[in-house]
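The structure appears below as structure tokens.
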Amino acid sequence: MNNLKKTSVMPCLLETWHHSEAQIYAWLLKQSGDMQLSSDLLQDTFLKALKQNTQFCDIQNQRAWLYKVAKNLLIDAVRQSQKVVLQPSFNDHIDEQEAQSVVDSLTECLPNALAKLSVHEREIITRCDLQGVSQQSFADSNNLSLVATKSRIQRARRKLKSIIQKDCHVRFDSQQRVCCFYRENN
């Protein structure tokens with residue numbers, strides 16, 4: 001019975017792994033460009049999590065912990081082989097709160113940008129994207145087809161993106177993710 005307890009996988013690990021495995025593999029593959037190395041490092045990451053045993057369930061941010069382990073394993077592999085070159089943005093997925101803070105701070109620009117949209121564009125963005133109304137519900141309540149609603153929201157999103165990029169001077173990193181911006185004082 002004691003051996004069973006030591007070798008059984010904790011439900012918290014399985015759940016976190018289920019939600020993170022594909023993303024961690026994609027991140028490792030993007031960084032290394034090597035499918036075999038990425039698979040090996042992914043497996044090593046899971047084994048390190050298993051070695052934590054029940055202590056894994058006590059980790060505050062399990063997903064971030066898995067990314068950190070994967071990053072450290074990749075760094076070790078780089079040091080050993082020198083054939084893998086890390087992208088400059090390899091920390092983007094590690095500290096999700098830090099990476100998200102730049103995008104979150106863009107919300108300062110949102111009210112002014114929304115005001116520059118037409119009434120119909122502002123309504124569909126507000127209802128579907130900000131209030132969480134499904135596109136089907138929006139279509140039904142506005143006597144539109146779902147296809148028309150999808151088309152309208154895509155056009156409104158493109159226009160909103162363009163306004164935010166222009167007014168807030170948004171810049172992107174090499175992976176086309178928002179890296180920084182500044183807003184002119186009006």
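The values are calculated or read from the model by the stated rules, or taken from the named source; none is laboratory data. Just so it is clear, the structure is predicted and the values come from calculations on it, not from any experiment. Methodologically, a virtual Cβ is constructed for each residue, glycine included, from the backbone with ideal geometry; neighbour enumeration extends over all protein chains shown.
Select, from Ile164, Ile125, the only residue that is at pLDDT 85 or above and among the hydrophobic types (A, V, I, L, M, F, W, C). Let's see the steps before the verdict.
Values: Ile164 fails: at pLDDT 85 or above.
Of Ile164, Ile125, the one residue that is at pLDDT 85 or above and among the hydrophobic types (A, V, I, L, M, F, W, C) is Ile125.
Exactly one condition in (1) farther than 20 Å from Leu28 by Cα; (2) at pLDDT 60 or above is false for Arg79; which is it?
Condition (1) is where Arg79 drops out.
When only residues in the stretch 123-135 that are of a type outside the set (A, V, I, L, M) and without any contact (Cβ under 8 Å) to a residue 12 or more places away in the chain count, which is nearest to Lys150 (Cα to Cα)?
Narrowing the stretch 123-135 to residues of a type outside the set (A, V, I, L, M): 123, 126-129, 131-132, 134-135.
Still in the list and also without any contact (Cβ under 8 Å) to a residue 12 or more places away in the chain: 123, 127, 131-132, 134.
Values: Glu123: 14, Arg127: 13, Gln131: 16, Gly132: 14, Ser134: 11 Å.
Checking each candidate, the answer is Ser134.
Can you pull out the residues in the stretch 114-137 that are over 17 Å from Lys159 (Cβ atoms) and over 24 Å from the mean Cα position of the chain (by Cα)?
Hits for the stretch 114-137 are Gln136, Ser137.
Working only within the stretch 4-20, note down all residues that are β-branched (Val, Ile, Thr) and at pLDDT below 80.
We begin by selecting, within the stretch 4-20, every residue β-branched (Val, Ile, Thr); these are 7, 9, 16.
Across the stretch 4-20, the qualifying residues are Thr7, Val9.
Among the residues of the stretch 83-96, are any surrounded by fewer than 12 Cβ atoms within 10 Å (Cβ to Cβ) and either at pLDDT 60 or above or in a helix (DSSP H, G or I) (or both)? Break it down into steps so the answer makes sense when it comes.
At the first step, the residues of the stretch 83-96 found to be surrounded by fewer than 12 Cβ atoms within 10 Å (Cβ to Cβ) are 83, 85, 88.
From the residues that got through so far, the ones that are either at pLDDT 60 or above or in a helix (DSSP H, G or I) (or both) too are none.
No.
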